[in-house]
Amino acid sequence: MGVHLRMTALLLVAGFGLRVAAAQAQAPSPKAGGGAPTSSATPADDQAASELKEHHRHHHHGGVTKFIAMSLDTLGVDDAKRPQLEKLQSDLHAQMAPAREAEKDVLRVLAEGVAAGTVDKAKVDAAIAKLTTAADAVHAASLETLNKLHAILSPAERAALVDKVEAHWEVWRQVNHEEAPGGRERGGRLAKLTEEVSLTPDQVTKISAALKTALAGHPVKLDSQKGEAHVHAFAAAFAGDSFDAKSVTSSANGDLASRGATRMALFYETVTPLLTPEQRTKLAEELQEHASYQPAPSGK
Amino acid sequence: MRATNRPLRESEDPMNRSLLTMLTGAVVVSCLASTPVRAGVEIRVFPPSWYIATARPVYYEGHASYWYGDRWHYRDRDRRAWRTYREEPRYLREYRRNREPERHYYEREHERR
């Protein structure tokens, strides 16, 4: 093929490439995403997203039932319905209380280990086992409350609640499963730690490498299909006109609590030896703060 | 008819010249055709999950609407896709004028206790 012909063919390929790229840039997004705040995000959005992710990184005790309770924080029901909704949200929190107490123990053991410079893995594993057992019992304990919740909500409110449960699940899955271990992206776990305890660039490099190794070699992996199945079963059933919580038989609450807490523990076990005593003190305080978390019913 | 007596190069035989002209034409047409597409398409950004999880919606026309990226968005009835109001409905415009958008900040729950 001659020189002119080759150049023209190259132009043609480049032209089509540019068109495809332009078309993709213009295409509307098919669904809501769970990633970092977009260019449409305001500073308030950034803050809300960052706080939500931080919450989901540290609180796993109720699994999908916790996502349901959290969804009531912003459901936006009218004032007449609000007292009933607050009561039901309070009931859900009470039904999750044993699991929440078990999670507090996990966080306290981690905080003590971080402060001391070494996390006691055996103690952490024992605390996570108790958390898993308690979280497993949450679904059965909350059946009646979920039925009452369905009964007081309008179809539009039920659809909105399902959207919110799915949104919480997506964010939880992103920060506890999909986020690359040791990744340095904005809004990621390492970026948050850098901000919390003022890591030096050298520490960031070392911690990033250590986290990649630790999580790659860890035998416990999240089976996100269990969580997916629970969320989808709840969503399909709850959006309907009639609902019986007993029909949602695929509970992933124990699994989510166990996997989330295990990944959280592995993070603190890995970073602790690479921090200075001052940084460990600061980080231990943050963990104690998470351990003292007590949800207040908002029912908005 | 050729203007010079220079011998034809391999790429300049009549067949290749026709092909070259056609390909050039295709590139030009392709570029021209893309211009109106670019001008007519609006980039829509739907509310991401972290936004749905932390923002309070407004109920209008039987669904929860979220103000995000200077537009109101809602899920269609079968919950398969997000939709955007091209024109802001009066009810939602009035709502937005009278009330601040409500968000939930989860870490502040610790401070509220």
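On the given criteria, is residue A:150 buried (at least 24 other Cβ atoms within 10 Å of the Cβ) and under 30 Å from residue B:64 (Cβ atoms)?
Numbers: buried (at least 24 other Cβ atoms within 10 Å of the Cβ): no; under 30 Å from residue B:64 (Cβ atoms): yes.
No; evaluated as a whole, the condition is false for this residue.
Tally the residues that are of a type in the set (A, V, I, L, M) and over 21 Å from residue A:281 (Cα atoms), restricting the search to segment A:96-143.
Looking only at that region, the number is 17.
Being among the polar types (S, T, N, Q), buried (at least 23 other Cβ atoms within 10 Å of the Cβ) and within 12 Å of chain B (Cβ to nearest Cβ) is the filter here; which residues of segment A:61-73 pass it? Full working, then the answer.
To start, the set of residues in segment A:61-73 that are among the polar types (S, T, N, Q) comprises A:65, A:71.
Still in the list and also buried (at least 23 other Cβ atoms within 10 Å of the Cβ): A:65.
If the condition is that a residue be among the polar types (S, T, N, Q), buried (at least 23 other Cβ atoms within 10 Å of the Cβ) and within 12 Å of chain B (Cβ to nearest Cβ), then no residue fits.
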Considering B:86, B:103, which residue is within 26 Å of the chain's Cα centre (by Cα), facing chain A (nearest Cβ under 8 Å) and of a type in the set (D, E, K, R)? B:103
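For segment A:57-67, what are the residues that are in a helix (DSSP H, G or I) and closer than 20 Å to residue A:235 by Cα?
First pass over segment A:57-67, keeping only residues in a helix (DSSP H, G or I): A:57-58, A:64-67.
Hits for segment A:57-67 are A:64, A:65, A:66, A:67.
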Filter pass, residue B:97 being farther than 21 Å from residue A:41 by Cα, basic (Lys, Arg) and more than 10 Å from every other protein chain (Cβ to nearest Cβ): no
Can you go through A:156, A:141 and tell me which one is within 14 Å of chain B (Cβ to nearest Cβ), closer than 30 Å to residue A:78 by Cα and surrounded by 15 or more Cβ atoms within 10 Å (Cβ to Cβ)? A:156
Out of all the residues in segment B:87-106, which are surrounded by 16 or more Cβ atoms within 10 Å (Cβ to Cβ) and under 27 Å from residue A:55 (Cα atoms)? B:103, B:104, B:105, B:106
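The rows are residues; the columns are (1) more than 7 Å from chain A (Cβ to nearest Cβ); (2) at pLDDT 90 or above; (3) in contact with a strand residue (DSSP E or B) (Cβ under 6 Å, 6 or more places away or on another chain).
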| residue | (1), (2), (3) |
| --- | --- |
| B:33 | yes, no, no |
| B:39 | yes, no, no |
| B:54 | no, yes, yes |
| B:112 | no, no, no |
Subset of segment A:180-195 [in a loop (DSSP other than H, G, I, E, B) and within 13 Å of chain B (Cβ to nearest Cβ)]: A:187
Which of the residues spanning segment B:60-101 are of a type in the set (S, T, N, Q) and in contact (Cβ under 8 Å) with a residue 40 or more places away in the chain? B:84
Given (1) at pLDDT 95 or above; (2) farther than 27 Å from residue A:262 by Cα, where does residue A:44 come up short, assuming only one miss? (1)
Sort through A:92, A:85 and tell me the only one that's buried (at least 16 other Cβ atoms within 10 Å of the Cβ), within 14 Å of chain B (Cβ to nearest Cβ) and in a helix (DSSP H, G or I). A:85
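The values are calculated or read from the model by the stated rules, or taken from the named source; none is laboratory data. Since we're looking at a predicted model, the values are computed, not measured. Reconstructed Cβ throughout: ideal geometry from the backbone, glycine too, with neighbour counts over all protein chains shown.
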